[in-house]
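The values are calculated or read from the model by the stated rules, or taken from the named source; none is laboratory data. Quick caveat, the model's predicted, so the values are computed rather than measured. Here the Cβ is made from the backbone with ideal geometry for all residues, glycine too, and neighbour counts use every protein chain on show. These accessible areas exclude ligands, DNA and RNA; they are computed on the full protein's heavy atoms, side chains included. Shrake-Rupley method; radii C 1.70, N 1.55, O 1.52, S 1.80 Å.
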Amino acid sequence: MEKTGRSDNSTQNNAKRQGERGRASFGSSDRAWPTLKLPPSGTGSGETGETERMPSKREETERERGESQRPRRGSSPRTGRRAGGAGDGSGKSGAPGHKPKAKRGSLSPQRRRVKKADAGHGRRSGGRKKNVPGESREQARARKLRLLKRRLIAAGAVLVGVILWYCLVANSYRSRFLPHTYINGYDVSRMSVADAEDILRRTVENYSLELAFRGGEMDTLTSEDVDLTYVSSNEVEKILSGQNRAGWIRNFFGVHSNYSVSTSFKFDTDRMRAYLEGLPAFQAENITKPKSAAIVRLSDNTFRVASEVEGNEPNEDAVFEAVDHAINASEARLNLAAVEGAYVEPELRIDDEDLNYTVERFNSFVDTSITIRRRDGSTRTYGRDDFVEWVSQDPDTGTWSLPKERVYTKCWGIMQNIADEDYDAHTVIEYESRFNGKVVLPCATYGYAIDVEKMTDLMNDALLNRESREIEMVNSVNETIDPKNGGTYVEVDVTNQLVTYYKNGEIYIETPCVTGKENDPERRTPSGIYSILDKQEDTVLGSFTAPDPGQRYESHVDVWMPFFESYGMHDASWRENFGGGWYWEYGSHGCVNLPPDDAKMIFKDIEIYTPVIVVREGDNAPEGTKRGNTTWNPPDGGLHYSEDD
């Protein structure tokens, strides 16, 4: 132990002397040489020694040979004594002259610590070692570059290998399809062109199309029925040559490549048409033709739209086109009932706007009620049962109609029937004259007669507007007529050439007169019941438009009172004699000539529409004689009257 201890002391002294020599070689400068702190041999882990350089290999070997074994448990790191011996040489390990045997292959504590530190650091940093003690920066950098180079070379080799492998896999798809490749819906992954076409060929040979017809009929068309054969083309090969082999990895991980071959087979369209025409659905005995929605009359005399009948008559061209398209699209089932235009459709359907509008108009028409109140107070109501017959149906086309002309004609017929039933009008009337007794005189129509035209217009308007209403009778003539007008009238007695003006039943004026030339039918004053139409003063009467200029004349009068056409009463200042029988030879052109003073007195008092009754003995006009007036409507251009002197 002492030797070991001396060896330790001599080693420390040598190191100290070498340090002094090193410092001396740098002169007297205080700058110290870099030192590496290492634990001295034979010391514990808690003490360190200093040295100015790394020991050479020879020195390390000598030191190892001179070192004793590792101190026992409890001995001092420096003396090798037990902890409790107080350095007095007691104990076997610390006995004087004891030299422990070194184990073969054992390392010094310093080397073990360096190796352990290197191993621990390698575990922590993935194998990268710290700088070797005593290694310069240039040496460390060179060592790291060598390590990096080796790693880069290894990585490059791996990368080249991966690239070569990827390219080899990509090149393998030169003659086969990539993963997840589909043609016409069939999976051809990793297949050759021949294999893919074989799949398409078998698909074509096994093709069948299920046909569903309206009404539930079914049929199956096979490839043999239409001579369906596969046609090999270069489209499949184009797909193979055009695929992105470099991107095979995308398909490998699930990206699908879908392709479609448009013309991979052919079939005989004539055989297809012949096959379809032979099916039961195309036979006449199995076909029901469509029927359009139509207006129908119900038992309650109302109208509604009857639903259409679809039928099952196929539209051959549309069916052939649909089947052709289905075969080309490789469809497995074709529902012809759902194909637009595959069947002949009804022209009109139940929701047709025009049909429903017409039905609405028909029903509102027949639901209109027209009540007509007749002369005797009774009423007649026309309603649905009457008007429904006015809506007619064409026997050839089956269409219903209600033209306005028909409505007007029907209304006219109703009113004309009522007019015929209630007609009570007359054109002559019995009159009790002053000197000639009872006579029958023509007059304006009187009694009771309805105005058919006005009544028709009222009923027609109500029906066209769908308005129920009650219509009162409109008369075309007065219901009654009183020739004497309650006692105020003028009687012209042709036989006695006397004019009597009655006022309120009393004679107001009585004066002689001269009427028209009696023996000349064209100039005589006509009998009848008339009324004063106008009153004029200071006017000129005459014949201004006679064909013979020799017959034209003019006569000035002070008062003029027309009562029928160009006949009237006026003053005649040019006459000296009135009354008697002058009218037979010297009568007027038809007017009643009066003495001027009497004419002016009558003119001053009489009112328009006062009755004027012209009567002669023996008057007995037959029924239907239409002469007379109760109102006056002047013709265009005014009135011109002629009178003789």
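A few remarks follow.
- Here is the figure for the range 162-189: residues that are in contact (Cβ under 8 Å) with a residue 60 or more places away in the chain and either outside any loop (DSSP other than H, G, I, E, B) or of a type in the set (V, I, T) (or both) total 7.
- Residue identified as part of a loop (DSSP other than H, G, I, E, B) and open to solvent by 40 Å² or more (accessible area, probe 1.4 Å) among E237, E224: E224
- Qualifying residue in the range 378-398 (condition: under 35 Å from the mean Cα position of the chain (by Cα), within 30 Å of R214 (Cβ to Cβ) and touching a residue at least 12 places away in the same chain (Cβ under 8 Å)): yes
- Considering the conditions (1) open to solvent by less than 80 Å² (accessible area, probe 1.4 Å); (2) at pLDDT below 90; (3) touching a helix residue (DSSP H, G or I) at 6+ places or on another chain (Cβ under 7 Å), D198 is excluded by exactly one of them, (3).
- Residues in the range 248-280 that are among the β-branched types (V, I, T), open to solvent by 50 Å² or more (accessible area, probe 1.4 Å) and not in a helix (DSSP H, G or I): V255, T263.
- Residue under evaluation G311, criteria (1) at pLDDT 90 or above; (2) surrounded by fewer than 16 Cβ atoms within 10 Å (Cβ to Cβ); (3) in a loop (DSSP other than H, G, I, E, B), criterion not met: (2)
- Those strands (runs of 3 or more DSSP E) of the range 487-530 in which 2 or more residues are out of contact with any Leu (no Cβ under 8 Å at 6 or more places or on another chain), of a type outside the set (S, T, Y) and open to solvent by less than 50 Å² (accessible area, probe 1.4 Å) occupy 489-493.
- Listed by first and then second residue, the pairs linking a residue in the range 292-309 that is in contact (Cβ under 8 Å) with a residue 40 or more places away in the chain and farther than 11 Å from W400 by Cα to a residue that is acidic (D, E) and surrounded by 14 or more Cβ atoms within 10 Å (Cβ to Cβ), with Cβ atoms under 6 Å apart and 6 or more places separating them unless they lie on different chains, are S292/E308; A293/E308.
- Looking at the range 351-466, the helices (runs of 4 or more DSSP H) lying wholly inside it that each contain 3 or more residues that are of a type in the set (A, V, I, L, M) and surrounded by 16 or more Cβ atoms within 10 Å (Cβ to Cβ) sit at 353-366, 404-422, 452-464.
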